[in-house]
Each structure stands twice: as C-alpha cells, then as structure tokens.
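In what follows, a structure is listed as structure tokens, so that the remarks can point back to it.
The values are calculated or read from the model by the stated rules, or taken from the named source; none is laboratory data. Model, not experiment: these values are computed from the prediction. Every residue, glycine among them, receives a Cβ derived from its backbone with ideal geometry; neighbour counts consider all protein chains shown.
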Amino acid sequence: GGSASASSIKQVKLERESELRIEVGNESPLKLRLLNGSAEIFGSELAPETWLTFPPRVKFAVFTWYGATMEMDGATETDYTADETPMVSYVNVHAVLEGRRNRAKASSPNDSEAYQGPRVIVVGPTDSGKSTLSRMLLSWAAKQGWKPTFVDLDIGQGSITVPGCIAATPIELPIDPVEGIPLEMPLVYFYGHTTPSNNVDLYKTLVNELAQMLETQFSRNAESRAASMVINTMGWIEGIGYELLLHAIDTFKANVVLVLGQEKLFSMLKAVAKSKPNVDVVKLQKSGGVVSRNAKFRQKARGYRIREYFYGLTNDLSPHSNIANFSDLLVYRIGGGPQAPRSALPIGADPVANPLRVTPVNIDRDLLHMVLSVSYAKEPDQILTSNVAGFIYITDIDIQRKKITYLAPSAGELPSKYLIMGTLTWLET
Ligand code: ADP
C-alpha cells in the first residue's frame with residue numbers, strides 16, 4: 001500500500017497507431033491512467049488523468065490513434081508496446097457499418113434490404129479476438145450515438161452473464177474498460193452447458209427464440225433496427241460447431257460475416273455466401289495481441305464469471321443465502337435424463353430421449369454446487385422457450401429436513417418457482 005507502491009509507477013510513451021498490451025498479474029490489481037494525448041481500450045476512449053483499476057488476470061490493450069503517454073501503477077504479468085496492429089482494418093469495417101446504419105435510418109420500410117441496419121456476426125476459432133472485435137465495433141457505434149444490440153452466442157465464456165447462456169443486450173454507451181458489458185436488462189436464455197454438443201437441438205431452439213425476440217423488438221423500434229446488432233459466436237468451428245455457425249447466420253439474417261484468423265473458415269463461408277447475394281463475408285487479420293487461453297484457464301475464467309455474477313467484480317455486491325423447502329422449488333431439466341429401457345417401450349419405439357423434453361428433477365444431493373436458472377415461465381410447458389430472470393447457486397441440500405440452501409443475488413422470493421438445471425457447476429472459492 002501507500003508509499004511502498006510508489007516505486008512501481010512507470011510511464012509509457014505510445015507512438016501513433018500503436019498499443020500497449022498488458023496482462024495484469026495473478027495476485028494484485030493494476031492502476032492505469034492517460035497522462036496526455038488520447039487513447040482507447042477496445043474502442044472505449046479514456047478520460048484524461050483518471051485512474052482505472054484493473055483486477056488481476058485481465059488482459060487488454062491501450063491503443064492510440066495519434067499518440068499518448070500512459071502511467072501504470074502495480075505489477076503486471078507482461079506489458080509491452082506493439083506498433084503492428086489490425087486496428088486500421090477494424091475501424092474501416094466500422095466506417096462501412098456506419099454508412100449502412102445511416103442508410104437504414106434514412107430509408108423507407110418498403111426497401112426491405114436497406115431498411116435493416118447491418119447485422120454483423122463475428123466468427124473464428126477460440127482466441128482469435130472475436131469478443132474483443134465485437135466490443136470495439138459496439139463501442140465505436142455507441143460513441144457515435146447509436147444503440148446497437150450485442151448478441152452473445154458464446155456459451156463457453158459469457159460476456160453478458162454467466163457461462164452456459166446465450167443473451168442479448170442493448171449497448172447505449174461505449175463499454176466500460178473495467179466493468180465490461182452493462183448488466184441492466186439483458187435478454188437471457190439458459191442452455192445450461194458450456195459446450196454445444198451436450199444438446200445441439202436445445203442450442204438451436206434457444207438461438208431461434210432469441211432471434212425471434214430481437215426481430216419483434218426491431219420491428220417496433222426504428223432506432224435499434226437501424227443500429228442493428230453485433231453477434232459474437234463460439235470458437236467451435238468444426239463439425240457441429242460449423243453447422244451451428246451457419247444456423248446462427250441464417251437465423252439472425254446476418255448480412256456481414258467477419259471472419260477472424262482462419263483462411264479455411266473464410267473460404268467455406270465465402271462459398272456458402274455465393275447463393276446469398278446480400279451477405280458479405282469479410283476476412284480480417286487476428287491481432288498479435290490476442291492472448292491464448294488454455295482449457296484450464298478457460299475453466300477457471302468460467303468460475304470467476306459466476307463469482308462475479310453473485311459478488312460483483314470487486315466484491316461490491318452482497319448476495320443472499322436463502323433456505324427453502326424441497327416442496328417450494330420446482331426443478332426441471334431439458335433433454336437427457338434417464339431413458340426408458342427398450343424392454344419397457346412398445347415394440348418399434350425408439351428409446352432415444354427427446355432432447356427438448358422438459359422433465360421434473362427430484363431434489364437430491366446431485367444438485368449440490370449446481371448453478372440453476374430462474375425461468376420466466378408461468379407454466380412448465382413454457383420452460384423450454386422462456387428467457388430467464390437470473391441464477392441461483394445451491395450451497396446445501398439437507399435430505400433429512402428436506403431443506404435446500406441457495407445463494408441468490410438478493411433476499412426475498414424468487415421471481416418464479418421454476419428452476420432449470422443443466423450441467424453448470426461452480427465451486428465457490
Ligand atoms: P475470442 O473471443 O476469439 O476467444 P478474445 O477477444 O476473448 O478472443 O481475446 C482473448 C484474450 O485476449 C482476451 O483476454 C482479450 O482481452 C485479450 N486481447 C485481445 N486483443 C488483445 C490485444 N490487442 N492486446 C492484449 N490483449 C488482447
């Protein structure tokens with residue numbers, strides 16, 4: 001603290017169109033400020049002389065178009081400057097999107113193609129910088145006064161809410177470099193698993209629901225229709241992953257496909273787009289600053305993300321531990337589950353479980369450490385297609401007394417008694 005850390009202050013001068021790449025250390029936060037010039041973090045401009053505090057392990061870059069001097073206070077895992085970045089090509093994409101937004105705003109509903117703003121989908125392998133590019137495009141658009149919708153289909157990490165979900169939220173201001181995507185009113189669907197292969201049909205069903213919901217919003221709101229959307233996708237691009245990418249492009253009627261860091265995927269999508277004259281497929285260079293995260297790191301990041309949902313980024317939230325009777329909560333699961341043995345079925349019946357069947361779950365010790373979602377459904381038959389209000393975390397199951405203890409964002413009754421269980425777990429640390 002205090003004077004001891006004064007010695008760790010350092011200044012970095014950045015030339016025009018270069019960036020300072022930083023990985024904050026594992027133990028302590030890093031403070032950073034802009035001393036002079038101008039700079040941005042993933043599309044969000046920095047206010048002069050204002051200290052920002054980045055939590056441990058965060059990886060980011062401070063980019064300057066015209067030159068800047070930065071000041072840092074604290075330990076980093078790495079920090080270095082780079083003058084080769086793909087930022088000019090990224091901002092050129094932004095300029096094209098701006099043109100299309102203006103055209104959409106000015107055109108009449110009869111011109112159905114021009115009337116819709118650019119529906120951008122960002123695709124590429126894991127760690128190609130998809131989330132980062134999405135964030136820049138959204139922040140640049142918001143800076144210009146648009147309110148684009150961010151759609152996150154990446155169930156692996158979840159930049160809008162906890163992992164295992166697909167979600168959408170309007171971006172009204174450039175995204176805060178520390179806090180990330182604002183959590184005010186996201187539209188969230190709970191898939192419940194962190195890989196799509198667990199239940200491909202469910203994933204597609206939820207993508208359809210989310211797309212339909214946004215379609216309705218766009219038809220009522222000319223402003224958000226013109227600003228349109230930026231869709232971030234999963235890094236899974238082979239086999240079923242590729243099939244799901246095509247499904248997402250079709251379902252959201254994406255008309256701009258940005259492919260990061262993979263020639264093969266680009267040429268495949270380019271070939272597919274031949275039959276779709278309204279779809280532009282654009283290849284973009286991956287930034288050399290994107291940090292590869294191994295499976296273990298990603299697993300850990302999922303845990304931090306869940307922790308952040310309940311406790312906040314800086315422990316600024318106070319979740320509440322609640323106790324309920326088994327009979328108070330109705331837990332459901334979608335698909336999977338025990339299948340009837342062939343001998344118990346009528347002759348010729350297929351024993352494969354229906355992936356979209358919603359079945360009640362008996363409350364037992366298996367629920368311990370599970371993260372469940374709280375559905376907005378009013379009846380069990382709406383569970384499959386309803387969005388969710390939030391999440392609870394099961395901390396104790398008392399079989400004898402039939403009591404369940406769970407952590408919720410706040411005290412009081414849950415918005416609904418219908419809970420959905422997947423395979424999402426968390427070990428609170
Ligand atoms: P993807 O969404 O394709 O998996 P991300 O956009 O999440 O990839 O990037 C992976 C990691 O690299 C993130 O932690 C991100 O903050 C970091 N990162 C991206 N671009 C840069 C950069 N230019 N400099 C430093 N770190 C970066």
For GLY235: the one exception among (1) among the small types (Gly, Ala, Ser); (2) modelled with pLDDT of 95 or more; (3) closer than 23 Å to MET136 by Cβ: (2)
Consider the range 105-137. How many of its residues are assigned to a helix (DSSP H, G or I), of a type in the set (A, V, I, L, M, F, W, C) and either within 8 Å of the ligand (Cβ to nearest atom) or within 13 Å of the chain's Cα centre (by Cα) (or both)? 1
If you take the residues in the range 67-90 that are in a loop (DSSP other than H, G, I, E, B) and within 11 Å of the ligand (Cβ to nearest atom), which one is farthest from the chain's Cα centre (by Cα)? GLU84
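Can you find a residue that is more than 23 Å from the chain's Cα centre (by Cα) and at pLDDT 95 or above anywhere in the range 280-296? Give the steps one after another, and end with the answer.
Pass one, the range 280-296, residues more than 23 Å from the chain's Cα centre (by Cα): 280.
Filter again for at pLDDT 95 or above, leaving 280.
The answer is yes; a qualifying residue exists.
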So, in the range 53-66, how many residues would count as being part of a loop (DSSP other than H, G, I, E, B), in contact with a Ser or Thr (Cβ under 9 Å, 6 or more places away or on another chain) and not hydrophobic (A, V, I, L, M, F, W, C)? 3
Residue among ARG302, ARG298, ARG293, ARG307 that alone is away from the ligand (no atom under 16 Å from the Cβ), surrounded by 14 or more Cβ atoms within 10 Å (Cβ to Cβ) and basic (Lys, Arg): ARG307
Here's a check for you: in the range 195-242, which residue that is touching a Gly at 6+ places or on another chain (Cβ under 9 Å) and among the charged types (D, E, K, R) is surrounded by the fewest Cβ atoms within 10 Å (Cβ to Cβ)? ASP201
Condition broken by VAL96, with the remaining ones in (1) more than 13 Å from the ligand (Cβ to nearest atom); (2) of a type in the set (A, V, I, L, M); (3) in a strand (DSSP E or B); (4) out of contact with any Asp or Glu (no Cβ under 8 Å at 6 or more places or on another chain) satisfied: (3)
Subset of the range 140-154 [in a helix (DSSP H, G or I) and either among the β-branched types (Val, Ile, Thr) or free of Cβ contacts under 8 Å to residues at least 40 places away in the same chain (or both)]: ALA142
Name the residues in the range 18-51 that are under 20 Å from GLY289 (Cα atoms), out of contact with any Asp or Glu (no Cβ under 7 Å at 6 or more places or on another chain) and of a type in the set (Asp, Glu), would you? GLU19, GLU40, GLU45
Residue pairs within 9 Å by beta carbon, gap of at least six or interchain, first lying in the range 222-237 and within 16 Å of the ligand (Cβ to nearest atom), second of a type in the set (Phe, Trp, Tyr) and part of a loop (DSSP other than H, G, I, E, B), listed first then second, are ILE231/PHE252
Is it the case that the range 30-50 has a residue that's of a type in the set (A, V, I, L, M, F, W, C), surrounded by fewer than 16 Cβ atoms within 10 Å (Cβ to Cβ) and within 27 Å of the chain's Cα centre (by Cα)? yes
Among the residues of the range 30-39, is there at least one that is basic (Lys, Arg) and at positive phi? no
Exactly one condition in (1) within 23 Å of PHE297 (Cα to Cα); (2) in a strand (DSSP E or B); (3) away from the ligand (no atom under 16 Å from the Cβ); (4) not acidic (Asp, Glu) is false for SER28; which is it? (2)
When you go through (1) within 16 Å of the ligand (Cβ to nearest atom); (2) in contact (Cβ under 8 Å) with a residue 12 or more places away in the chain; (3) within 27 Å of MET370 (Cβ to Cβ) one by one for VAL200, which number turns out not to apply? (1)
Restricting the first residue to the range 400-412 and requiring it to be touching a residue at least 24 places away in the same chain (Cβ under 8 Å), which pairs with a second residue that is β-branched (Val, Ile, Thr) and part of a loop (DSSP other than H, G, I, E, B) meet a Cβ separation below 9 Å and a spacing of at least six or different chains? LYS402/ILE363; ILE404/ILE363
Please work out if GLN339 is at pLDDT 90 or above and assigned to a loop (DSSP other than H, G, I, E, B). no
Selection count where residues are more than 22 Å from ILE160 (Cβ to Cβ) and in contact with a His (Cβ under 9 Å, 6 or more places away or on another chain), scope the range 372-401: 2
Among the numbered conditions (1) closer than 22 Å to LEU183 by Cβ; (2) exposed (fewer than 11 other Cβ atoms within 10 Å of the Cβ); (3) at pLDDT 95 or above, tell me where LEU407 comes up short. (2)
